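The values are calculated or read from the model by the stated rules, or taken from the named source; none is laboratory data. Bear in mind the structure is a predicted one, so any value in this text is a computation, not a measurement. As a convention, Cβ positions derive from the backbone with ideal geometry for all residues, glycine included, and neighbour counts pool all protein chains shown.
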Amino acid sequence: MLPRIADSLSFLYLDIVRIHQDDTGVCAEVTSERHGTETVYLPTAALSCVLLGPGTSITARALATFARHGTTVLVTGSGGVRCYAATLPDSLTTTWLERQTRAWADDTRRLAVAGAMYEKRFGTGTAPAGSTLAQLRGLEGQRVKAHYRLLAQQYKIGRFRRAYDPDSWDTQDPVNLALSSANTCLYGIVHAAILALGCSPALGFVHNGNQQAFVYDIADLYKADLTIPLAFSLHASTNPEAEARRSFRDGLRLFKLLPRIVTDVQILLDPEAQLDIPDPEEQLVDLWDPIAGAIPGGINHGEGP
């Protein structure tokens, strides 16, 4: 039995390596003038996601092993910034995808889920009943700006303005560089958890029109606790992107992010649901019936002998 997504390690970022499968497992070959070629074996079944940066090559056998073990593989830019593509693990159940789709397709339920997301971020009562999505976005903007001002005062860095411009990446200040880098790592972990649950990363409730809309929705729940304070703490760093990745990964051990993502997604999509659903490996494929709903698969439903 493979580890559950909630029990997996967080993420691994790789660049300028060759990843392949040998008789022992999946390994990364790192070549340098000083040390020659070194081989490092990867714990594929225990990783939630692998971020492949520039200069990385991977064989079909290694990629198939990642997929079989439920490890999401993301192709990213330098430093893990910007996600270009992601693999879909072999999820054998659509239980949570169906619940996500029903909630997303109903405008009333979609707004309710969006409101629940804001209350998870800012506290109970911060999304008044009857609020429109535009009002909720306005409240969010005010609180995020206030959070930026508070941290800027704490670290005595003057006025801070959030900026993300890949075309002028090297000219940005350390806080923005660290925040972009840490956020991308966070998106990778959230993306992996969403896919492992069988949900669609594209069906967002606050964000819309992007293949990672739901990823951005869920990632926003944790930025105020994880990536934003970390980025401000690196305001004087000479290498904020690399330090943000390392510090972010170390902080996840205490935050226990993956179990929180799984539980939060399930509660948001269906607050009344029974969360102790068997692992996908333990479930058989059901059949759909317009009257009875899901009926057991793997048996003969023909009448008579």
**Asked** Name the residues in segment 139-169 that are surrounded by fewer than 13 Cβ atoms within 10 Å (Cβ to Cβ), at pLDDT below 90 and over 30 Å from residue 127 (Cα atoms), would you?
**Response** 158, 165, 166, 167, 168
**Criterion (at pLDDT below 85, of a type in the set (Asp, Glu) and out of contact with any Gly (no Cβ under 7 Å at 6 or more places or on another chain)) met by exactly one of 29, 33** = 33
**Prompt:** Is it true that residue 97 is surrounded by fewer than 19 Cβ atoms within 10 Å (Cβ to Cβ), modelled with pLDDT of 80 or more and under 19 Å from residue 259 (Cα atoms)?
**Reply:** yes
**Prompt:** Can you name the residue in segment 1-26 that is within 20 Å of residue 74 (Cβ to Cβ) and hydroxyl-bearing (Ser, Thr, Tyr) and, of all such residues, is modelled with the lowest pLDDT?
**Reply:** 8
**Hits in segment 170-211 - residues which are acidic (Asp, Glu) and at pLDDT 90 or above** = 173
**Prompt:** Which condition does residue 54 not pass, out of (1) modelled with pLDDT of 80 or more; (2) touching a His at 6+ places or on another chain (Cβ under 9 Å); (3) surrounded by fewer than 18 Cβ atoms within 10 Å (Cβ to Cβ), if it passes all the others?
**Reply:** (2)
**Item:** Search result, residues across segment 205-220 that are over 11 Å from the mean Cα position of the chain (by Cα) and in contact (Cβ under 8 Å) with a residue 40 or more places away in the chain
**Value:** 205, 206
**Message:** What's the total number of residues in segment 128-146 that are of a type outside the set (Gly, Ala, Ser), within 12 Å of residue 114 (Cα to Cα) and part of a helix (DSSP H, G or I)?
**Reply:** 5
